[in-house]
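Here the structure is laid out as structure tokens; the discussion comes afterwards.
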Amino acid sequence: MFKWVQRCQPVWLAAAFLVVGNGAMAQPSSPSAVVVNGPAGPLTAGELDFVVRERIPADKRAEFWSSPEQVTRLATGVYAQRVMAAEAAKEKLDQSPQGQTYLKLSRDRAMAELLMQERVKAAVPSEEAQKAFAQSEYKAKPERFTTPEEVHVRHILLPVAKDGSDAAAVKAKAEALLAELRKGANFEELAKTRSGDPGSASKGGDLGVFTRGRMVPEFEKAAFAMTKPGQLSEPVKTQFGYHILQLVEHKPAQLMPFDKAFPLLREQMLNKLNGDERMRVWNAAQEKAKPDEAQIKALAEAETKKR
């Protein structure tokens, strides 16, 4: 199967700049603007745009166009190919048996690609139908468009011995530490000097943002139970010891607005339609092929003997 050259609005309108013949930077105003010049004639913005749409995935194009170095590299590479093609034509390589065969097969590939593009274009539903489909998907699978609940907490860990022999004493220390915090002691400063978690102590006990399933159950339950920034937990016992948590922020799960989900749904729908329609066209064409099994077998055997 061949790569689909995705149809979209002219990308050259989004390009910040392209290379012109004298090396200066300019903003092409039309598809006919010359972006590279040389002995093989001009390379236009429209031609370069076509190559970009053919070779670079849609989700990578904005990044590509934002890099003058990448644009220059591709433009000069395309032009180098044009120079070599001109030299090949001058030497009449296209008139040799090998050249004729190669050009015929290349033309077949290009025409097949054009046919597929036209069939895909014809199969694309109206904007209204696309929105209707997207809305049905959005309502049927809201979990796909829901950002998970998150919490951002700090903690102070008071480790307990592996055999648990000092658990009662450590719990008492945790309760005393909690009392200090409730009287106004600075949580971050105490975390730096009192926490037994070296990974977070230097950051004032900060554990960053996390979702459910990332922490041990007891810790997670206490973290997600807090709702107000600055809120402190009771001492929480885990396999690591006793923790005191402070909530920085609690973000509930949120459903993405349909207006934001629609472009994602439309892209997925069009990608599937593209693949399905291309496969349909390909299979229909392939059914018309009538291979000569005897000739193919003879050719395979002859080529095998040459190896």
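Taking the stated definitions as given, is Lys162 of a type outside the set (A, V, I, L, M), in a helix (DSSP H, G or I), exposed (fewer than 13 other Cβ atoms within 10 Å of the Cβ) and free of Cβ contacts under 8 Å to residues at least 12 places away in the same chain? Judged against the criteria, Lys162 is not a match. Taken across the range 7-14, residues that are β-branched (Val, Ile, Thr), part of a strand (DSSP E or B) and either over 30 Å from Ala123 (Cα atoms) or at pLDDT below 95 (or both) do not occur at all. Within the range 27-82, the set of residues being of a type in the set (Ser, Thr, Tyr) and crowded, with 18+ Cβ neighbours inside 10 Å comprises Thr44, Tyr79. Can you name the residue in the range 79-101 that is in a helix (DSSP H, G or I) and of a type in the set (Lys, Arg) and is also nearest to Val36 (Cα to Cα) among such residues? Taking the candidates together, the pick is Arg82. Here Ala75, Ala110 are screened, and the one residue that is part of a helix (DSSP H, G or I) and within 27 Å of the chain's Cα centre (by Cα) is Ala75.
Name every residue in the range 133-150 that is part of a helix (DSSP H, G or I) and surrounded by 12 or more Cβ atoms within 10 Å (Cβ to Cβ), in order of residue number. If the condition is that a residue be part of a helix (DSSP H, G or I) and surrounded by 12 or more Cβ atoms within 10 Å (Cβ to Cβ), then Phe133, Ala134, Gln135, Glu137, Tyr138, Pro142, Arg144, Phe145 are the ones that fit.
Of the residues making up the range 83-108, those that are under 30 Å from Glu277 (Cβ atoms) and surrounded by 11 or more Cβ atoms within 10 Å (Cβ to Cβ) are Tyr102, Leu103. Of all the criteria given as (1) at pLDDT 95 or above; (2) within 32 Å of the chain's Cα centre (by Cα), the one not satisfied by Met256 is (1). In the set Arg194, Arg182, which member is among the charged types (D, E, K, R) and in contact (Cβ under 8 Å) with a residue 40 or more places away in the chain? Checking each option against the conditions leaves just Arg182.
Please go through the range 204-255 and give me each residue that is assigned to a loop (DSSP other than H, G, I, E, B), of a type in the set (D, E, K, R) and touching a residue at least 40 places away in the same chain (Cβ under 8 Å), ordered by number. Steps first, answer last, please.
Filtering the range 204-255 for residues assigned to a loop (DSSP other than H, G, I, E, B) gives 204-205, 212-216, 226-231, 233-235, 239-240, 252-253.
If we keep only those that are of a type in the set (D, E, K, R) as well, we get 212, 214, 228, 234.
Within the range 204-255, Arg212, Glu234 qualify.
If you filter the range 165-184 down to residues that are of a type in the set (Gly, Ala, Ser) and in a loop (DSSP other than H, G, I, E, B), you find that the one that is farthest from Ser202 (Cα to Cα) is Ser165.
The values are calculated or read from the model by the stated rules, or taken from the named source; none is laboratory data. On a predicted model such as this, the values are computed, not experimentally measured, just so you know. When we count neighbours, we look across all protein chains shown, and the Cβ atoms used for this are built from the backbone with ideal geometry, even at glycine.
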